[in-house]
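Trainee: Sharing a structure with you now.
The values are calculated or read from the model by the stated rules, or taken from the named source; none is laboratory data. Since the structure is predicted, the reported quantities are computational estimates derived from the model, not experimental observations. Here the Cβ positions follow ideal geometry from the backbone for every residue, glycine too, while neighbour counts run over all protein chains shown.
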Amino acid sequence: MLRNLLHHYCRLLSVLMVACLAVMVVMVFGNVVLRYGFNSGIAVSEEVSRWLFLWVIFMGATVAVFEKTHMGTDMLVLLLPAALQRFVRVISDLLMLFVTWLMFTGSLAQTRINWDVLAPVTEVSMAWMYVSGLVFAASTGLMLLADLWASLVALKTQSSGSAA
């Protein structure tokens, strides 16, 4: 159930990433044409494009964590016996949850600090830049907790199966 819900959430993120990329391309290309062709430009295009790019990065990273396509090395782990591989997976999940917690607390602190700071051109709160880290951390934290639970169940099943 949770896995299915996360799958739909990641599909939504993928659609949002495409929309953000399309807006970025139109804004940056339009700004280039206006600057070189008409000696003018869209003032907000650089700022909005930078913000959208940040959100695209975090949404993409969230999808990568869900699909398990994020960067990792399993050369050493594959040499281990299956039971030890599951144990290492649990340790890995715990370490990733810790880093996700650090990301969450850091993003939350930056969001609070920058809530009243306005962007120079759009005059939108700079906190929205750091909210992307909060969304990333909350989303991937949930995914990592689900993975940890599955790893613990597999570890428990394996250990109870070998004890019987």
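Trainee: Just name the residue that is nearest to MET17 (Cα to Cα) out of those in region 56-112 that are in contact (Cβ under 8 Å) with a residue 12 or more places away in the chain and either of a type in the set (Gly, Ala, Ser) or touching a strand residue (DSSP E or B) at 6+ places or on another chain (Cβ under 8 Å) (or both).
Mentor: Per the stated criteria, the residue is GLY60.
Trainee: Any residue at all in region 154-164 that's among the hydrophobic types (A, V, I, L, M, F, W, C) and under 27 Å from LYS68 (Cα atoms)?
Mentor: Yes, region 154-164 contains a residue that is among the hydrophobic types (A, V, I, L, M, F, W, C) and under 27 Å from LYS68 (Cα atoms).
Trainee: Right, another one. Read through the list (1) among the small types (Gly, Ala, Ser); (2) over 27 Å from GLU46 (Cβ atoms); (3) in contact with a Lys or Arg (Cβ under 8 Å, 6 or more places away or on another chain), then give the number of the only condition that ALA83 fails.
Mentor: The one condition ALA83 does not meet is (3).
Trainee: Sort through THR100, THR105 and tell me the only one that's under 24 Å from the mean Cα position of the chain (by Cα) and surrounded by 17 or more Cβ atoms within 10 Å (Cβ to Cβ).
Mentor: THR100
A quick yes/no check of all residues on (1) assigned to a loop (DSSP other than H, G, I, E, B); (2) of a type outside the set (S, T, N, Q); (3) at pLDDT below 95:
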site: LEU108; (1), (2), (3): no, yes, no
site: THR122; (1), (2), (3): yes, no, yes
site: LEU134; (1), (2), (3): no, yes, no
site: ALA137; (1), (2), (3): no, yes, no
site: LEU145; (1), (2), (3): no, yes, yes
site: SER151; (1), (2), (3): no, no, yes
site: LEU155; (1), (2), (3): no, yes, yes
site: SER162; (1), (2), (3): no, no, yes
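Trainee: What number of residues within region 62-82 satisfy the criterion of being exposed (fewer than 12 other Cβ atoms within 10 Å of the Cβ) and in a helix (DSSP H, G or I)?
Mentor: So the answer is 4.
Trainee: Looking at (1) surrounded by 14 or more Cβ atoms within 10 Å (Cβ to Cβ); (2) modelled with pLDDT under 95, can you tell me which one VAL56 breaks?
Mentor: With (1) surrounded by 14 or more Cβ atoms within 10 Å (Cβ to Cβ); (2) modelled with pLDDT under 95 applied to VAL56, the lone miss is (2).
Trainee: Can you tell me which residues in region 119-130 are surrounded by 12 or more Cβ atoms within 10 Å (Cβ to Cβ) and free of Cβ contacts under 8 Å to residues at least 24 places away in the same chain?
Mentor: VAL124, SER125, MET126, ALA127, TYR130, listed by residue number.
Trainee: Spot the failing condition for ASN39; the list is (1) surrounded by 13 or more Cβ atoms within 10 Å (Cβ to Cβ); (2) at positive phi, and only one is missed.
Mentor: Among (1) surrounded by 13 or more Cβ atoms within 10 Å (Cβ to Cβ); (2) at positive phi, the lone unmet condition for ASN39 is (1).
Trainee: Of everything in region 131-158, what is among the small types (Gly, Ala, Ser) and in contact (Cβ under 8 Å) with a residue 40 or more places away in the chain? Give them in sequence order.
Mentor: Correct list: SER132, GLY133, SER139, GLY141, ALA146, SER151, ALA154.
Trainee: Separate question: Contact list please: Cβ distance under 6 Å, first residue in region 14-41 and assigned to a helix (DSSP H, G or I) and of a type in the set (A, V, I, L, M, F, W, C), second residue modelled with pLDDT under 95 and exposed (fewer than 13 other Cβ atoms within 10 Å of the Cβ), pairs at least six apart or on different chains.
Mentor: Pairs found: LEU34/SER40.
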